[in-house]
Amino acid sequence: MVHIGPVVNTALKKSESAMKATAQMGQYEIYEIIGKGGLATIFLARDATEGPQSPLLALKCMSPQAASQE
């Protein structure tokens with residue numbers, strides 16, 4: 001997993017208060033997929049260890065196929 005950086009909230013179509021995490025990946029709460037390609041998937045996420053007011057971020061996860069090629 002690669003923590004890419006904060007996501008600008010003005011780009012989001014729904015308010016943060018209405019968002020519900022759909023999954024947990026390590027320390028990150030996952031909200032939705034915001035991009036997917038042949039090598040990785042980008043998730044809208046939040047670091048759960050920093051509490052509910054932590055900034056949203058983009059979390060890039062390499063596909064198993066791409067990870068096995070390195």
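Read the figures in this text as sums done on the coordinates, not as results from a lab. Quantities reported herein were computed from a predicted structural model and do not represent experimental measurements. For neighbour counting, all protein chains shown are included, and Cβ atoms are generated from backbone atoms with ideal geometry for every residue, glycine included.
Any chance you could run the full-extension gain for A23 through D47? It's 0.36 nm times the residue separation minus the Cα-Cα distance, nm to one decimal. Intermediate values should be presented prior to the final figure.
On the way: separation 24, 0.36 × 24 = 8.64 nm, distance 1.23 nm.
Full extension from A23 to D47 adds 7.4 nm.
How charged is the neighbourhood of Q27? Take every other residue with its Cβ under 13 Å from the Cβ of Q27, and add Lys/Arg as +1 and Asp/Glu as -1.
Values: positive: R46; negative: E29, D47, E50.
Value of the local net charge: -2.
Close amide H partners of S63, meaning residues 5 or more places away or on another chain with modelled amide H under 5 Å apart, are A40, T41. Remark: region 21-34, residue by residue, has Karplus-estimated 3J(HN,Hα) of 5, 9, 7, 10, 10, x, 7, 9, 8, 9, 9, 6, 7, 10 Hz, where x stands for each Gly or Pro and the curve is 6.51 cos²θ - 1.76 cosθ + 1.60 at θ = phi - 60°.
Using θ = phi - 60° in the Karplus curve 6.51 cos²θ - 1.76 cosθ + 1.60, the 3J(HN,Hα) couplings for region 41-50 round to 10, 10, 10, 7, 8, 8, 6, 5, 6, 9 Hz; x is entered for Gly and Pro.
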